[in-house]
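Working notes for the structure below.
The values are calculated or read from the model by the stated rules, or taken from the named source; none is laboratory data. If you're wondering where the values come from, they're calculated on a predicted model, not measured in any experiment. Don't worry about glycine lacking a Cβ; one is built from the backbone with ideal geometry, like all the others, and counts go over all protein chains shown. Each accessible area value is taken on the protein alone, full model and side chains, heavy atoms only, with ligands, DNA and RNA left out. Shrake-Rupley method; radii C 1.70, N 1.55, O 1.52, S 1.80 Å.
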Amino acid sequence: MNYDELVQKAIEMTKMSYVPYSHFHVGAALLDKNGKIWTGCNIENATYGATNCAERTAIFKAVSEGVRDFEAIAIVGGPEGADGSPVLEEFCPPCGICRQVLSEFCSKDFKIILANKKGEQKLFTLAELLPESFSLK
Ligand code: THU
């Protein structure tokens, strides 16, 4: 499957990031099983701890609209450059909390696409990024 559109949406979302503290922009685009794309950006907070990651913004938007079946997520992120726009040269893997939140709704073969602006992509399954994950099921 071609994830270029998903990656493009994730890149666009880095412009929406609210990052006055870290100046690190993250964008995510989550594909549900009906083909709809849910986007997210990171939203920081003065308490730091109340910050929400881009991946969780996307998944919470979808779940709060009744969608719980997902196929894939594209994630991009990087620091602000001199002109204030994000430099998206390196891959930006999801943090541990986001991996755990994804595992609540996504199967082991859910796809996680890391991308950069050079056009490179790295594909993982959720099981690869969160092996032996905790579950009550
Ligand atoms: N961040 C994300 O949005 N997703 C992650 O998976 C890792 C970190 C954000 C949180 C914070 O706004 C900034 O990146 C620096 O940690």
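Table for the structure above
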read-out: When residues of the stretch 16-40 are limited to those that are outside any loop (DSSP other than H, G, I, E, B), without any contact (Cβ under 8 Å) to a residue 40 or more places away in the chain and within 13 Å of the ligand (Cβ to nearest atom), the one nearest to C92 (Cα to Cα); value: G40
read-out: Evaluation of Y3 against (1) away from the ligand (no atom under 15 Å from the Cβ); (2) open to solvent by 30 Å² or more (accessible area, probe 1.4 Å); (3) among the hydroxyl-bearing types (S, T, Y) (one fails), failing number; value: (2)
read-out: Strands (runs of 3 or more DSSP E) completely within the stretch 41-132 that count 1 or more residues being modelled with pLDDT of 95 or more, over 15 Å from M16 (Cα atoms) and open to solvent by 80 Å² or more (accessible area, probe 1.4 Å); value: 121-125
